[in-house]
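The values are calculated or read from the model by the stated rules, or taken from the named source; none is laboratory data. Since the structure is predicted, the reported quantities are computational estimates derived from the model, not experimental observations. Methodologically, a virtual Cβ is constructed for each residue, glycine included, from the backbone with ideal geometry; neighbour enumeration extends over all protein chains shown.
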Amino acid sequence: MAVFHALLYLVAKALMLLACVLFIALLGYCLYIKYIHLKYEHIPGPPRSSFFMGHSRTLLTIMNSDGVVHEQFREWAETYGPVYRLNILHHVLLIVTCPQATKEILMSSKYPKDKFFYKKLYDVFGQRFIGNGLVTAQTHEVWYKQRRIMNPAFSSLYLRGLMGTFNETAEKLMDKLVEVADNNTEANMLHLVNCVTLDVIAKAAFGVDLEVLTKSSPFPKAIDTCLKGMICIIRDATFEFNLKNRPFIKGVREACHLLRQTGAEWIHKRKTAMQNGEDVPKDILTQIIKTAAAEETMTEEDEELILDNFVTIFIAGQETTASQLAFCIMELGRHPEILEKARKEVDDVIGMKQEMSYDDLGKLIYLSQVLKETLRMYPSAPGTSRELQEDMVIDGIPIPGGVICTFDSYATGRMEKFFKDPLTFDPDRFHPDAPKPYYCYFPFSLGPRSCLGKNFSQMEAKVVMAKLLQRFDFSLVPGQTFDIRDTGTLKPRDGVICFIKHRK
């Protein structure tokens, strides 16, 4: 019995000691958070909703009510100015809408991608996602080697050779719309353009005919699931610890695994075919493998980075272009006069041709303006961020180093100070003779870390939109909203449901 009491005493003493250690650790963490608050308190910003969680509860409330976090960023920018502070635990985020600071930071390679956001994309719930690829690489050296390998595959000369793929795959969408028009049914345009952009990226980049437009495929759901998981990890620090989220987390891991396993199989199959001297498609994957083989050193991690970039291209090349196309169709449906002007240009440039050329795309100037205006109001990837390691001054406010600067193209694109009547859809803002927006319009980011696939994306978008305008009349089904769904990327909430008719 004495031994038992002695054991109880030791356990109680150990628990008391552990409680003391935890209390001291908690107290130390509280003091550190208070120190951070005091260090950056001179920077304006909205009131914190919690000492520990800072502004994250406010952002979570918006997210859980299906709101758009970037709209809150815009409202706060209007209230608190061109640089304001947000707190999450011991982290400080600055939302920057100052064009001069945007230019200085994004146009330079000395400001790395921040660890707070981009490390969370390395893996999602323990399953490697986009790893340390082009989007997430934080050191300039790791990023630059990858960019050097990827650049030739996205050069203008190489992209010209993909016009056949763009035309061929867009024709399959036209065939689908013929069925819709003939059957007098409604078309969910977001779903259809999601399918066609996935078919394009699979064929143009990896030489694979997925034919998602006509066949069942697990990839659209897997991509959507991965993006939802990504945004949950970024915006909710406690998401993984909530037992109710376990089934969703399992689904996200499985979706990430599917994409990476598919990529590994496609890359291995292509490398084997090239080593055996077989004929292979002259696509982006072949070009990347050739360029990588010419590198002096390629480590095992470098090979894994190719897979990271496969997942990045597969998702970004599909998701962002699809959202842009869907929003573009939505806005043209709301503005018949803009629709007719764009259609007249297509008729003048393309006429009855079924096969568009690269030179044709360069002549579709007004359609380019429409697509740019779509990205001003609805940037598919609304923001980017950098780590500010040294002290600097932004708009007259001294900023101590050690913070994250977030640049939000959605916020700046909808601010009156940068665009007159910002909620009016007006493609003439991007007329060749109109003044260029000064570092407040960056849907593909800016500087050396800007989107590598920008030209690919806009070529594809032009081909699809030109063929749609050439062949069909479309109108929006009454009763749907024009709200935005924010799942990391932005997309139309109701899917852009249209009536489709053959043009007379």
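For segment 211-238, how many residues meet the condition of being free of Cβ contacts under 8 Å to residues at least 40 places away in the same chain and within 12 Å of residue 315 (Cβ to Cβ)?
Here is the first cut: in segment 211-238, the ones free of Cβ contacts under 8 Å to residues at least 40 places away in the same chain are 211-212, 215-217, 220-222, 225, 232, 238.
Pick out the ones that are also within 12 Å of residue 315 (Cβ to Cβ) and you get 220, 222, 225.
Result for segment 211-238: 3.
Identify the residue in segment 42-89 that is assigned to a strand (DSSP E or B) and of a type outside the set (Phe, Trp, Tyr) and, among all such residues, is nearest to residue 101 (Cα to Cα).
In the first step, residues of segment 42-89 are kept if they are assigned to a strand (DSSP E or B); the result is 50, 54, 83-88.
Now drop any that are not of a type outside the set (Phe, Trp, Tyr), which leaves 50, 54, 83, 85-88.
Values: 50: 29, 54: 25, 83: 9, 85: 15, 86: 18, 87: 20, 88: 23 Å.
The residue in question is 83.
Criterion first (of a type in the set (Gly, Ala, Ser), surrounded by 22 or more Cβ atoms within 10 Å (Cβ to Cβ) and in a helix (DSSP H, G or I)) does residue 137 satisfy it? Write out each step before concluding.
Working: of a type in the set (Gly, Ala, Ser): yes; surrounded by 22 or more Cβ atoms within 10 Å (Cβ to Cβ): yes; in a helix (DSSP H, G or I): no.
In short, no.
Take the residues in segment 371-402 that are within 20 Å of the chain's Cα centre (by Cα) and of a type in the set (A, V, I, L, M); name whichever of them is nearest to residue 85 (Cα to Cα).
Initially, segment 371-402 is screened for residues within 20 Å of the chain's Cα centre (by Cα), giving 371-387.
If we keep only those that are of a type in the set (A, V, I, L, M) too, we end up with 371, 375, 377, 381.
Values: 371: 32, 375: 26, 377: 24, 381: 22 Å.
Filtering segment 371-402 for residues that are within 20 Å of the chain's Cα centre (by Cα) and of a type in the set (A, V, I, L, M), the one nearest to residue 85 (Cα to Cα) comes out as 381.
Looking only at residues that are in a helix (DSSP H, G or I) and free of Cβ contacts under 8 Å to residues at least 12 places away in the same chain in segment 263-288, which one is farthest from residue 124 (Cα to Cα)? Don't jump to the end; show me each part of the working.
Taking segment 263-288 and keeping what is in a helix (DSSP H, G or I), we get 263-275, 284-288.
Filter once more, keeping what is free of Cβ contacts under 8 Å to residues at least 12 places away in the same chain: 265, 268-269, 272-273, 275.
Numbers: 265: 21, 268: 24, 269: 26, 272: 30, 273: 32, 275: 34 Å.
The selected residue is 275.
Taking the residues in segment 41-63 that are without any contact (Cβ under 8 Å) to a residue 12 or more places away in the chain and β-branched (Val, Ile, Thr) as candidates, determine which candidate is nearest to residue 83 (Cα to Cα).
Step by step, filter segment 41-63, then rank; the result is 62.
Okay, residues lined up against (1) buried (at least 23 other Cβ atoms within 10 Å of the Cβ); (2) part of a helix (DSSP H, G or I); (3) hydrophobic (A, V, I, L, M, F, W, C); (4) touching a residue at least 60 places away in the same chain (Cβ under 8 Å):
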site	(1), (2), (3), (4)
307	no, yes, yes, yes
310	yes, yes, yes, yes
320	yes, yes, no, yes
344	no, yes, no, no
353	no, no, no, no
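So, in segment 463-504, of the ones that are among the small types (Gly, Ala, Ser) and touching a residue at least 60 places away in the same chain (Cβ under 8 Å), which residue ends up surrounded by the fewest Cβ atoms within 10 Å (Cβ to Cβ)? Lay out the reasoning, then the answer.
Of the residues in segment 463-504, the ones among the small types (Gly, Ala, Ser) are 466, 475, 479, 488, 495.
Narrowing the set further to residues that are touching a residue at least 60 places away in the same chain (Cβ under 8 Å) leaves 466, 475, 488, 495.
On the way: 466: 23, 475: 13, 488: 21, 495: 20.
Per the criteria, the residue is 475.
Hey, among 406, 412, 374, which residue is modelled with pLDDT under 95 and within 19 Å of residue 68 (Cα to Cα)?
Working: 412 fails: modelled with pLDDT under 95; 374 fails: modelled with pLDDT under 95.
None of the other options fit; the residue is 406.
Filter segment 36-83 down to residues that are crowded, with 16+ Cβ neighbours inside 10 Å and basic (Lys, Arg) and give me whichever is farthest from the chain's Cα centre (by Cα).
48
In segment 424-450, what residues are farther than 30 Å from residue 136 by Cα and either crowded, with 20+ Cβ neighbours inside 10 Å or touching a residue at least 40 places away in the same chain (Cβ under 8 Å) (or both)? Give the derivation first.
Taking segment 424-450 as the starting set, the residues that turn out to be farther than 30 Å from residue 136 by Cα are 424-435.
Residues satisfying the conditions are 425, 426, 427, 428, 429, 430, 431, 432.
If residue 264 meets every condition in (1) within 20 Å of the chain's Cα centre (by Cα); (2) over 30 Å from residue 61 (Cβ atoms) apart from one, which number is that one?
Here residue 264 meets the rest and fails (1).
Condition (residue is small (Gly, Ala, Ser), more than 22 Å from the chain's Cα centre (by Cα) and either at pLDDT below 95 or within 30 Å of residue 315 (Cα to Cα) (or both)) applied to segment 453-463: is it met by at least one residue? Working first, answer last.
Quick first cut of segment 453-463, residues small (Gly, Ala, Ser) only: 453, 457, 461.
Filter once more, keeping what is more than 22 Å from the chain's Cα centre (by Cα): none.
No, the conditions are met nowhere in segment 453-463.
For segment 210-229, indicate whether the set of residues that are over 21 Å from the mean Cα position of the chain (by Cα), within 30 Å of residue 459 (Cα to Cα), β-branched (Val, Ile, Thr) and at pLDDT below 85 is non-empty.
yes
Just the residues that are outside any strand (DSSP E or B) and either of a type in the set (Val, Ile, Thr) or under 16 Å from residue 446 (Cβ atoms) (or both), please, taken from segment 381-397. Talk me through it step by step, then tell me what you get.
Narrowing segment 381-397 to residues outside any strand (DSSP E or B): 381-382, 389-391, 395-396.
Selection gives 381, 382.
Quick check: anything in segment 135-155 farther than 27 Å from residue 293 by Cα and either at pLDDT below 80 or of a type in the set (Gly, Ala, Ser) (or both)?
Step one: filter segment 135-155 for residues farther than 27 Å from residue 293 by Cα, giving none.
So far as segment 135-155 goes, no, none of its residues is farther than 27 Å from residue 293 by Cα and either at pLDDT below 80 or of a type in the set (Gly, Ala, Ser) (or both).
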